[in-house]
Every structure is written in C-alpha cells, then in structure tokens.
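Participant: Structure incoming, see below.
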Amino acid sequence: PSAAVSPLDQQIGVGDGEQAAFQLTKRYGVCEGAYVRPIKKPVGGSVRVSIDGEELSAEAFTVDVGTGVVTLDAPLIADAVLAAGFLFD
C-alpha cells in the first residue's frame, strides 16, 4: 500500500456486533453540510483498514473492487470505529 494512504483517513462505519460489510465512502465538508460519497471503484491493493485506530492486516478483510464493499472476517464489535484509506478511480 502507498505510504500516502492512511488507514485512519475516512470513517466508514461503527460496529453493532452483527455487521461485517461496509461501503467505502469519502466525506467532503464538515458537520451537517458534509457530502458523503460512496466509493465503488477503489484501486486494487490500495485499501488500508483500521478498527479503533489499529490497522488490520490484509488477511483480516476483503475488498470488492467493483462495488467498494469492505468485508471483515468477523462482525465489527459494538461501538468500534471502522476507518479506511484508499485510492479510487
């Protein structure tokens, strides 16, 4: 992965103890005026993911480069924050 891509860049979900699949998103702006864009074509191999600030190994998740959905190998625990950094087309 590129050093310029941080696994803390974009918050993409908060755990509920059941969900394991999350859409990559890119946030533009702040507060209520922010626009959240779904990212459907991440560059293969560029996606870095973290839970509560700790980067996951590449074996702990998969990314569908056609839909931009990140699937964890286990459901995200309740209240844990999932973030990702990535390049996209």
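Participant: For a quick check: with amide H placed at 1.01 Å from N, whose amide H comes under 5 Å from Val14's, ignoring anything fewer than 5 positions away on the same chain?
Facilitator: Those lying under 5 Å, H to H, from Val14 are Leu82.
Participant: Please find the FRET efficiency linking Asp52 to Asp89, where r is the Cβ-Cβ separation and R0 is fixed at 25 Å, and quote it to the nearest 0.05.
Facilitator: Result of the calculation: an efficiency of 0.30.
Participant: Using 1/(1 + (r/R0)^6) with R0 = 30 angstrom and r between the beta carbons of Ala60 and Ala4, what's the FRET efficiency to the nearest 0.05?
Facilitator: 0.85
Participant: Next question. I'd like the carbon and sulfur percentage of the solvent accessible area for the chain, probe radius 1.4 Å, heavy atoms only, ligands and nucleic acids excluded.
Facilitator: With neighbouring chains kept in place, the figure for the chain is 54 percent.
Participant: Something else about it: Would you work out if the chain is rounded, prolate or oblate? Take a ≥ b ≥ c from the square roots of the eigenvalues of the alpha-carbon gyration tensor; rounded if a/c is under 1.5, else prolate when a/b is larger than b/c, oblate otherwise.
Facilitator: Here the chain falls in the rounded category.
Participant: For the pair Glu32 and Gln19, how long in nm is the line joining their label points, each one 7 Å along Cα→Cβ?
Facilitator: 2.3 nm
Participant: Okay, moving on. What number comes out for the charge environment of Gln10, summing +1 per Lys or Arg and -1 per Asp or Glu over other residues with Cβ under 12 Å away?
Facilitator: Neighbourhood net charge equals +3.
Participant: OK, next. Provide the per-residue ³J(HN,Hα) series for region 33-50, in order, calculated from phi with Karplus coefficients 6.51, -1.76, 1.60 and θ = phi - 60°, each as a whole number of Hz, with x at glycine and proline positions.
Facilitator: Working through the residues one at a time gives x, 5, 10, 10, 9, x, 9, 9, 9, x, 6, x, x, 8, 7, 10, 10, 9 Hz.
The values are calculated or read from the model by the stated rules, or taken from the named source; none is laboratory data. Worth saying up front: this structure is predicted, and the values here are computed from it rather than measured. Here Cβ is always computed from backbone atoms with ideal geometry, including for glycine, and neighbour counts include all displayed protein chains. Accessible surface areas use protein heavy atoms only, side chains included; no ligands, DNA or RNA. Shrake-Rupley method; radii C 1.70, N 1.55, O 1.52, S 1.80 Å.
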